[in-house]
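Below you'll find the structure, written out as structure tokens, and then a few comments.
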Amino acid sequence: MTRPIFSAILLLTCGLATQAAADTEYLVVSGGPAVRRFEDLRKPGEQHDRWWGNFIRTARVRMQEIHQSVPAGTHITWLVYRDGYVRRAAEEHQPLMQNIESVPKAYPFINLVWFRSTDELIRYINHGPKRGSMKISGFEYFGHSNKYSFMFDYSSDTYATSGAWLHQNDLRKISGSAILNSAYCQSWGCHTAESFSKVWKSATGAKMVGAFGKTDYSDMHLRNWHVGLSSGSRWSR
């Protein structure tokens with residue numbers, strides 16, 4: 001084989017390998033906010049979601065950071081729990097759905113996918129576009145949670161509880177081949193590291209960064225829209 005032909009084959013092989021490495025999907029999930037009529041029943045210092053966009057703006061800023069740091073060609077998909085924002089929009093008489101849909105129009109690298117149930121979310125994780133060849137290289141969650149569950153509609157349909165959640169027992173339904181073992185995974189909700197993260201690692205093979213204690217979505221404009229930690233809490237992997 002002549003040197004020019006060998007060099008051309010080598011360049012082609014390297015190019016295909018680079019393309020394959022970048023052909024992954026990074027998932028960012030936003031749960032829904034509580035509605036004000038329920039949260040107003042709480043004491044002022046114990047209320048959640050004074051602003052409807054806690055889990056929207058933080059996710060959008062994070063997706064901008066992801067876009068700048070992942071390999072070129074990585075697909076970024078934003079899964080948003082629809083019903084929580086429908087309820088809050090009706091309460092506030094504001095076009096919240098259109099506000100959310102304006103994000104991928106402003107940032108075309110974001111693919112918005114609405115979901116309405118745990119089964120829909122798991123179905124997307126397992127069978128998203130080209131999941132056979134396009135594995136998940138990252139997963140991050142913004143929303144309410146406790147040590148056992150992501151709670152997509154906490155205090156939205158029912159006061160101080162949730163009817164739509166991803167419990168750690170549901171993680172067995174996730175295909176073991178959908179998420180790369182090297183995927184970066186993080187929950188920006190409360191208490192995840194206390195139990196959920198361990199089961200996530202067992203079910204998917206990927207470690208998940210989570211909080212021991214509570215996360216803090218207050219005054220985020222002072223932290224460049226990054227989620228903080230409450231006093232005494234810490235991140236753990």
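The values are calculated or read from the model by the stated rules, or taken from the named source; none is laboratory data. These numbers were taken from a predicted model, which means no experiment stands behind them. Don't worry about glycine lacking a Cβ; one is built from the backbone with ideal geometry, like all the others, and counts go over all protein chains shown. Heads up: the accessible areas ignore ligands, DNA and RNA and are worked out on the full protein's heavy atoms, side chains in. Shrake-Rupley method; radii C 1.70, N 1.55, O 1.52, S 1.80 Å.
Values as computed for the structure displayed
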{"item": "Zero-based 5 Å bins, Cα pair distances in the range 52-123, whole percents", "result": "3, 14, 25, 23, 18, 10, 3, 1, 0"}
{"item": "Mean ellipticity per residue at 222 nm, deg cm²/dmol - from DSSP H runs of n ≥ 4 across the chain, formula -39500 (n - 2.57)", "result": "-10500 deg cm²/dmol"}
{"item": "Cross-link table K105/K130; K43/K105; K135/K198; K130/K207; K105/K135, entries beyond 29 Å C-alpha to C-alpha", "result": "K43/K105"}
{"item": "Space enclosed by the convex hull of the alpha-carbon atoms of the range 186-237, per residue, Å³", "result": "62 Å³"}
{"item": "For W165, residues with placed amide H under 5 Å, excluding near neighbours", "result": "T118, F152"}
{"item": "Size of charge dipole - the chain - debye, nearest 20, with Cβ of Lys, Arg +1 and Asp, Glu -1, no other charges", "result": "540 debye"}
{"item": "Debye, to nearest 20: dipole size of the range 43-109, +1 on Lys, Arg Cβ, -1 on Asp, Glu Cβ", "result": "60 debye"}
{"item": "Accessible area of the chain divided out per residue, in Å², using a probe of 1.4 angstrom", "result": "50 Å²"}
{"item": "Inter-probe distance in nm under a simple model that places probes 7 Å from Cα toward Cβ, at V61 and N99", "result": "1.6 nm"}
{"item": "Cα Rg, Dmax (largest Cα-Cα span) when computed across the range 85-237, Å", "result": "16.1, 43"}
{"item": "Cut-off 15 Å between beta-carbons: net charge of the residues surrounding V103, Lys and Arg +1, Asp and Glu -1", "result": "+3"}
{"item": "Rg [Å, one decimal], Dmax [Å, integer] - the range 24-72, C-alpha atoms", "result": "15.1, 47"}
{"item": "Distant-in-sequence amide H partners of V29 (H built 1.01 Å from N, under 5 Å)", "result": "L79, E140, Y141, F142"}
{"item": "On Cα atoms only, tilt of 54-69 relative to the major axis of the chain in degrees", "result": "20 degrees"}
{"item": "Tilt relative to the chain, helix 3-22 - C-alpha long axis, 0 to 90 degrees, to 10", "result": "10 degrees"}
